[in-house]
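Just below is one structure, and these are the notes that go with it.
The values are calculated or read from the model by the stated rules, or taken from the named source; none is laboratory data. Note that the coordinates shown come from a computational prediction; the quantities given were computed from them, not determined experimentally. When we count neighbours, we look across all protein chains shown, and the Cβ atoms used for this are built from the backbone with ideal geometry, even at glycine. Note: accessible area is taken over every heavy atom of the protein model, side chains too, but ligands, DNA and RNA are not part of it. Shrake-Rupley method; radii C 1.70, N 1.55, O 1.52, S 1.80 Å.
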Amino acid sequence: MYKPVSGLPYAIGVRSDGRECISCTLGGMLTGEFLYDPRDPAAKEAALKAFDEYAIGLRHSIEDNLGRRLTDREMYRGLEHVEDEDPVTRAKVKAEREALFAPPPDTRNWAERKLDEHKAAKKRERDPEGAFLEEQVERLAAKKAEEERRAALAASPRRQKVVAHATAEKLAALYDPTLPLSEIRAVNHRLKLAKEGNLRLYAKEANEFYARQEQRLQEQSAPVRKTFQVWGERLRKSQTRFELPVADIMEAGNDPYATAEERAMAAALQHQQQQQET
């Protein structure tokens, strides 16, 4: 049986349809899946090779960007990112993001809420079993409605494309040494938005990230770009060839290093001048 050589973590699991799946995990997140029929050894062999080819390419792209090999810890958890937010700011941002996914607020006034609670308590006193069953029916109905809502979201082709983009962005962020820890939290938030939130808000926050990253890269690369500018100027200068200035015709006649053509032209001019004088 083929043994993967990429070194990336993977797991083998069983699907509900009986097929098995090789899952590639990098940085603690699922990055690729390769299905096969476990009753077919050749299919498993092909799936392992497909996983390995994918994993080798993925690892090379990350390591080429880093300029070094990934450690075992980095393969499982991603790079270490520097914390750049104080606790107060971090808590504020967390609360704002969680509020986007909070259930709708209870619009009843206090008296209506108290009355409903009173009725429910009285019903539990009179008929405990009936009250329990009614609560369970409501709970199961709410659970089913939520499952249907999530399934409808996941079935949207537009959302699927956004989720694919957000997933790729998260993987890239986990292995981007230029990003601080606040951006890792931000990319996790955007992935949640992609899966179950407002897609327009996702687009807005993704583009805000790109603007921040552009500024960050401009600042971080400024010394390197200055160095390249200096080297570019030196290179252009080295590519320039010296051209000997054209010699004055009379000067060429007395120049021991003049070419035969220059000497002939000087002699002809001198002869012409002598004729004009006579």
Taking only the range 139-157 into account, find how many residues are loosely packed, with under 10 Cβ neighbours inside 10 Å and either closer than 12 Å to GLU196 by Cα or in contact (Cβ under 8 Å) with a residue 24 or more places away in the chain (or both). 2
Test: residue in the range 72-95 that is over 30 Å from GLU196 (Cα atoms), out of contact with any Phe, Trp or Tyr (no Cβ under 8 Å at 6 or more places or on another chain) and modelled with pLDDT of 85 or more: yes
Just checking, how many residues over the range 257-278 are open to solvent by less than 100 Å² (accessible area, probe 1.4 Å), of a type outside the set (A, V, I, L, M, F, W, C) and not in a helix (DSSP H, G or I)? 1
Where the second residue is crowded, with 21+ Cβ neighbours inside 10 Å and of a type in the set (Ser, Thr, Tyr) and the first is within 21 Å of ILE62 (Cβ to Cβ) and lies in the range 178-197, which pairs have Cβ atoms under 6 Å and are six or more apart or on separate chains? ARG190/TYR202
Would you confirm whether or not the range 242-250 contains a residue that is open to solvent by less than 80 Å² (accessible area, probe 1.4 Å) and either touching a Ser or Thr at 6+ places or on another chain (Cβ under 8 Å) or not in a loop (DSSP other than H, G, I, E, B) (or both)? yes
Looking only at residues that are open to solvent by less than 60 Å² (accessible area, probe 1.4 Å) and at pLDDT 90 or above in the range 10-24, which one is farthest from PRO177 (Cα to Cα)? GLU20
